[in-house]
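This report refers to the structure that appears directly beneath it.
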Amino acid sequence: MAARIFIDGEAGTTGLEIREKLGPHKGIELVSIDPERRKDSGAKTELLASVDLAILCLPDDAARETAAIVESLGADGPRLLDASTAHRVADGWTYGFPELAAGQGDAIKRARKVSNPGCYATGAIALLRPLVDAGLIPADIPLTINAVSGYSGGGRQMIEAYETHKAPLFEEYGLGLEHKHVPEIVKWSALTTRPLFVPAVGNFRQGMLVNVPLHLDALPGKPKAADLEAALLTHYAGQRYVRVVHPDNSGRLDALALNGTNDLELMVYANEGRRQAVLVARLDNLGKGASGAAVQNCELMLGL
């Protein structure tokens, strides 16, 4: 029997991508609410009670409202996969990054409520968590994270501004230093000191690079870049979607190279003579950074 899935917010960028990716699955039946009854809480409650999994592609407050409806249904409610920011550090929710640590994929399989990771957070956590766990980066070290994303992650207004040529070719933002992904990065990277995070957006639809610069001699044990790369290789050995790539000599990276995939590449660029390194994550902000990760979690939750 096919699993019934309701994507709440299926008309948004992430919702549309999830729907397109799930469409070919033979074990899934996608159901929708009548657009005219979208804001009818009774109609939504009735639909939620009839499905196996609800995927929330909503603003944070709306995601909390739908989650509350599901809670009110008790055992009759569906499992939840929330693609918003609302529950990424909330108690009672399982973090939807299967490659985070040993057993995380199994935890997602069993979970009633899963929070899909943020795009920037996916890259940062993928780089940092294994190195913190290995003792190569102290949890309390001050870190700087710089990142650039395609404009599709910025919501309807940003997409419209870029596609009508009203936006600049490149801009930094979040310079109030309160970006919504920072609490998620702190918690799931196992950090105790809040990093300084500076995101930027470029005039390309999708693609992402996340960079963490390091002074190697400021780290305990003064590791070499090869030690960092080895720890990442050990952590992600055998993973399907996350791979550690040894940098080539070009010194260049195309932010768009993984577009259309659920892949995540991790690299350690270094100048050993200067004892400096840059950890780099490359991903599609709409793939492993959003809809691709959601589909991966959906498949785990439903055993597909």
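Given the options 274, 282, name the one that is assigned to a loop (DSSP other than H, G, I, E, B) and among the basic types (Lys, Arg).
274
Which ones in segment 178-189 are modelled with pLDDT of 95 or more and surrounded by fewer than 17 Cβ atoms within 10 Å (Cβ to Cβ)?
183, 187
Kindly list the number of the only condition in (1) surrounded by 15 or more Cβ atoms within 10 Å (Cβ to Cβ); (2) over 19 Å from the mean Cα position of the chain (by Cα); (3) more than 21 Å from residue 300 (Cβ to Cβ); (4) among the hydrophobic types (A, V, I, L, M, F, W, C) that fails for residue 53.
Result: residue 53 passes all but (3).
Could you say whether any residue in segment 241-250 is in contact with a Cys (Cβ under 9 Å, 6 or more places away or on another chain) and surrounded by 14 or more Cβ atoms within 10 Å (Cβ to Cβ)? Steps first, answer last, please.
Residues of segment 241-250 in contact with a Cys (Cβ under 9 Å, 6 or more places away or on another chain): none.
No, segment 241-250 contains no residue that is in contact with a Cys (Cβ under 9 Å, 6 or more places away or on another chain) and surrounded by 14 or more Cβ atoms within 10 Å (Cβ to Cβ).
Check segment 61-73 and report whether any residue there is open to solvent by less than 20 Å² (accessible area, probe 1.4 Å) and among the hydroxyl-bearing types (Ser, Thr, Tyr).
At the first step, the residues of segment 61-73 found to be open to solvent by less than 20 Å² (accessible area, probe 1.4 Å) are 63, 66-67, 70.
Checking which are among the hydroxyl-bearing types (Ser, Thr, Tyr) leaves us with 66.
Among the residues of segment 61-73, at least one is open to solvent by less than 20 Å² (accessible area, probe 1.4 Å) and among the hydroxyl-bearing types (Ser, Thr, Tyr), which makes the answer yes.
Among the candidates 21, 44, single out the residue that is in contact (Cβ under 8 Å) with a residue 12 or more places away in the chain and open to solvent by 60 Å² or more (accessible area, probe 1.4 Å).
Answer to the check: 21.
Which residue out of 168, 138, 142, 223 is open to solvent by less than 10 Å² (accessible area, probe 1.4 Å), in a loop (DSSP other than H, G, I, E, B) and either under 22 Å from residue 14 (Cα atoms) or in contact (Cβ under 8 Å) with a residue 12 or more places away in the chain (or both)?
223
I'm trying to understand the selection: among the residues of segment 121-135, which are open to solvent by 10 Å² or more (accessible area, probe 1.4 Å) and either part of a helix (DSSP H, G or I) or under 10 Å from residue 210 (Cα atoms) (or both)? Talk me through it step by step, then tell me what you get.
Kept after step one, since they are open to solvent by 10 Å² or more (accessible area, probe 1.4 Å), are these residues of segment 121-135: 129, 132-135.
The answer is 129, 132, 133.
Filter segment 145-165 down to the residues that are more than 28 Å from residue 235 (Cα to Cα), surrounded by 13 or more Cβ atoms within 10 Å (Cβ to Cβ) and of a type in the set (S, T, N, Q) and list them by number.
Matches in segment 145-165: 152 only.
Provide a single number: the residues in segment 226-240 that are open to solvent by less than 70 Å² (accessible area, probe 1.4 Å), farther than 16 Å from residue 276 by Cα and in contact (Cβ under 8 Å) with a residue 24 or more places away in the chain.
4
Taking the condition of being open to solvent by 10 Å² or more (accessible area, probe 1.4 Å), touching a strand residue (DSSP E or B) at 6+ places or on another chain (Cβ under 9 Å) and on the phi < 0 side of the Ramachandran plot, how many residues in segment 78-97 meet it?
10
Scan 152, 189, 115 and give me the residue that is among the small types (Gly, Ala, Ser) and touching a Phe, Trp or Tyr at 6+ places or on another chain (Cβ under 7 Å).
Numbers: 152 fails: touching a Phe, Trp or Tyr at 6+ places or on another chain (Cβ under 7 Å); 189 fails: touching a Phe, Trp or Tyr at 6+ places or on another chain (Cβ under 7 Å).
Answer to the selection: 115.
The values are calculated or read from the model by the stated rules, or taken from the named source; none is laboratory data. This structure is a prediction, so every number in the text was calculated from the model and none was measured. Methodologically, a virtual Cβ is constructed for each residue, glycine included, from the backbone with ideal geometry; neighbour enumeration extends over all protein chains shown. Each accessible area value is taken on the protein alone, full model and side chains, heavy atoms only, with ligands, DNA and RNA left out. Shrake-Rupley method; radii C 1.70, N 1.55, O 1.52, S 1.80 Å.
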